[in-house]
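The values are calculated or read from the model by the stated rules, or taken from the named source; none is laboratory data. Note that the structure is a prediction, hence the values are computed from the model and not measured. Cβ placement follows ideal geometry from the backbone for every residue including glycine, while neighbour counts extend to all protein chains displayed. Quick note on the areas: whole protein, heavy atoms, side chains included, nothing else; ligands and nucleic acids left out. Shrake-Rupley method; radii C 1.70, N 1.55, O 1.52, S 1.80 Å.
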Amino acid sequence: SQTIHQWPATLVQPVGSPLSLECTVEGTSNPNLYWYRQAAGRGLQLLFYSVGIGQISSEVPQNLSASRPQDRQFILSSKKLLLSDSGFYLCAWGPGTYSPLHFGNGTRLTVT
Amino acid sequence: QQPVQSPQAVILREGEDAVINCSSSKALYSVHWYRQKHGEAPVFLMILLKGGEQKGHDKISASFNEKKQQSSLYLTASQLSYSGTYFCGTENSGGSNYKLTFGKGTLLTVNP
């Protein structure tokens, strides 16, 4: 069966510090991968998605970036965090178009 | 294009019914419904594909009107476990079929 791992679960970082969140999927190959962000009490905002290694589509221009160095690994990064980067970050995978997304347990990021 | 959900919030007593609506300004190819408990990741409920189909899952069902670019989620005889935030996610035909854009969510509270 397929599983998705996301870490860390919680993170507190000062403004201006770098960020690296990692997500890996097991039990499937060539999944579509997604990063969403959820601000407190808000909806799910799509940040990045990837349909293959090295293929990243950005939805929102900001100081975040994403990379997919391996087929089942998706990384969200920032060189310098802003207060507005605080939120609940969710990684998700899907087998392809018109298929359900499966979410990781999320990372709660607080930028102080 | 982010779909619009209504209502933003609804409070029910156990056993009552609710309807959550989701509409898009662009043509839809599929609509997904997810439920998120507080502090947890969203969980997939159902997907409706182009063709105006309806689906049911226990006492939760949904419809998709392709012409009106709308979907509705029906919760009948609500249970306490139905509490949470419901999100619709849409895939738009004609563009990239690999991304799912979510609405802002509907907070459903079921009281005893």
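Explain nothing, just the number: dipole magnitude of chain B about its Cα centre with +1 on each Lys and Arg Cβ and -1 on each Asp and Glu Cβ, in debye rounded to the nearest 20. Each step should come with its number before you reach the end.
Values: 11 positive and 8 negative charges, 60 e Å.
So the dipole magnitude of chain B works out to roughly 280 debye.
Where Lys and Arg each count +1 and Asp and Glu each count -1, what net charge lies around B:GLY105 among other residues with Cβ under 11 Å from its Cβ? Provide the component values of the computation, followed by the final result.
Values: positive: A:ARG42, B:ARG35, B:LYS104; negative: none.
Combined, the nearby Lys, Arg, Asp and Glu give +3.
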Can you return the aspartates and glutamates within cross-link range of B:LYS50? Criterion is Cα-Cα under 17 Å, with same-chain partners fewer than 8 residues away left out.
B:GLU66, B:GLU91
For peptide A:90-97, how many partner chain Cβ atoms fall within 10 Å of a residue's Cβ, on average?
3
Rank A:LEU64, B:GLN70, A:LEU11 by how far each Cα sits towards the positive end of the charge dipole of the protein assembly as shown (+1 on Lys, Arg Cβ; -1 on Asp, Glu Cβ) and give me just the farthest.
A:LEU64
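Expressed in nm to one decimal, what extension gain is obtained for the pair A:GLN13 and A:SER57 from 0.36 nm per residue of sequence separation less their Cα-Cα distance? Walk me through the numbers before you get to the answer.
On the way: separation 44, 0.36 × 44 = 15.84 nm, distance 2.59 nm.
Taking 0.36 nm per residue and subtracting the Cα distance, the gain is 13.2 nm.
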If you take the accessible area of B alone, add that of A alone, and subtract the area of the pair, what total do you get in Å², probe 1.4 Å, to the nearest 100?
1800
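Note down the net charge around B:SER23, summing +1 for each Lys or Arg and -1 for each Asp or Glu among other residues with Cβ under 15 Å from its Cβ. Kindly include the intermediate steps, with their values, before the conclusion.
On the way: positive: B:LYS26, B:LYS67, B:LYS68, B:LYS104; negative: B:GLU66, B:GLU91.
That works out to +2.
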Candidate aspartates and glutamates for bridging to A:LYS79, where Cα separation is under 16 Å - those fewer than 8 sequence places away on the same chain excluded:
A:GLU22
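How shielded is A:45-51 by partner chains, expressed as the average number of their Cβ atoms within 10 Å of its Cβ atoms?
Details: counts 4, 6, 0, 1, 4, 1, 4.
For peptide A:45-51, the averaged partner shielding equals 3.
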For the protein assembly as shown, what is the charge dipole size about the Cα centre, in debye to the nearest 20, if Lys and Arg each add +1 at the Cβ and Asp and Glu each add -1 at the Cβ?
380
Counting other chain Cβ atoms within 10 Å of each Cβ in A:99-107 and taking the mean gives 5
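Using unit Cβ charges (K, R positive; D, E negative) and no other charged atoms, how large, in debye to the nearest 20, is the dipole of segment A:2-97 about its Cα centre? Could the numbers behind the result be given before it?
Values: 6 positive and 5 negative charges, 40 e Å.
Around 200 debye, computed over segment A:2-97.
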